[in-house]
Amino acid sequence: MKHYLKEGNAVLDELQSSTQGLSEGEAAARLEKNGKNKLAEGKKESLFHRFLKQLAEPMTIILLVAAVISGALAIVEKEFPSDVIIIMAVVLINAILGVLQESKAEKAIEALQEIAAATSKVIRDGKQITVHSEDLVVGDIIVLEAGDAVPADARIIECASMKIEEAALTGESVPVTKQEGIMTANANGDVALGDRKNMVFMGSTVVYGRGKAVVTATGMDTEMGKIADALSQAQEGKTPLQQKLSGLSKILTFLVIGICVVVFGVNIIRSLATGADFTFHNVMDFFMIAISLAVAAIPEGLATVVTK
């Protein structure tokens, strides 16, 4: 709902509230119906599970297969398995970087959760009281003063020279001067988030003045909640680059298999054509040559290069 395009009294009526606030009974009923005013906590995975998930990436699987094949070649040829060590080092570095990247996304969500205020001043049954911010509901009248953290998204109904710092939400470092009047929509019939001067948002801070506002959104329905949800989705989903790499991995798999088959087949045919002895040892030599070329075709460093 575009509450910033409506008069304050109209918003109060729409939310079935008033300047006297909600009753304790109504607030309790809304809290039970809509849930707590807090950002959802994502599922936390153990470091071991994250590490295993990184190893399940298509490119990593190809590298692991290459390591196994290289190890087999080293054993047969009785050579030092230097290729195996290099490939496994690449796999480990890639997996560790992937785990660190996921951890950064989790910490970003946790940082958003810590921004929320612990307690808030609200008006209920016509009296100002202090409640836990997570117990706020849509329709509550919150009282804001200099130094207060805004506990939820709300439409301003009273304002006295109030300025709010919204850097956590919009990136704007200069405090925004707020007002209680209705906003004018742009050509698209809306108002940019940073220009909604009759609204206050969860995660912002009052730096000057005072005011009152009626809560219009709580928890994950707030603008801050939408950011947290976007971070969570970004963490779970694959980036366009990862999707491209998955496709490349499939192509490489078919390419490697093709190289093995073609090289092995050509050597067999050439051996038969020249009348050479067709022994098991010769067949194994042909197989090892094919495998060596296949391993060489795998870009071991690609997975690490594209991981940040």
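Table for the structure above
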{"item": "Count of residues meeting criterion [surrounded by 17 or more Cβ atoms within 10 Å (Cβ to Cβ), among the hydrophobic types (A, V, I, L, M, F, W, C) and either over 14 Å from the mean Cα position of the chain (by Cα) or at pLDDT 95 or above (or both)] in region 216-237", "result": "1"}
{"item": "Long-range neighbours under 6 Å by Cβ, at least six apart or interchain, first residue within 22 Å of Ile129 (Cβ to Cβ) within region 3-22, second outside any helix (DSSP H, G or I) and among the hydroxyl-bearing types (Ser, Thr, Tyr)", "result": "Leu12/Ser18"}
{"item": "Residue satisfying all of: in region 2-19; surrounded by fewer than 17 Cβ atoms within 10 Å (Cβ to Cβ) and out of contact with any strand residue (DSSP E or B) (no Cβ under 7 Å at 6 or more places or on another chain); modelled with the lowest pLDDT among these", "result": "Lys2"}
{"item": "Which numbered condition Ile93 fails, given (1) hydrophobic (A, V, I, L, M, F, W, C); (2) under 34 Å from the mean Cα position of the chain (by Cα); (3) not in a helix (DSSP H, G or I)", "result": "(3)"}
{"item": "Scope region 129-149; condition touching a residue at least 60 places away in the same chain (Cβ under 8 Å), surrounded by 20 or more Cβ atoms within 10 Å (Cβ to Cβ) and farther than 20 Å from Glu26 by Cα; matching residues", "result": "Leu144"}
{"item": "Flag for Ala213 being in a strand (DSSP E or B), under 42 Å from the mean Cα position of the chain (by Cα) and modelled with pLDDT of 75 or more", "result": "yes"}
{"item": "Scope region 20-57; condition in a loop (DSSP other than H, G, I, E, B) and touching a Gly at 6+ places or on another chain (Cβ under 9 Å); matching residues", "result": "Gln20, Gly21, Gly35, Lys36, Asn37, Lys38, Leu39, Ala40, Glu57"}
{"item": "Residue that is surrounded by the most Cβ atoms within 10 Å (Cβ to Cβ) [pool: residues in region 46-105 that are acidic (Asp, Glu) and more than 17 Å from Leu248 (Cβ to Cβ)]", "result": "Asp83"}
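The values are calculated or read from the model by the stated rules, or taken from the named source; none is laboratory data. This is a predicted model, so every value here is computed, not measured. Glycine also receives a Cβ, built like all others from the backbone with ideal geometry; neighbour counts cover every protein chain displayed.
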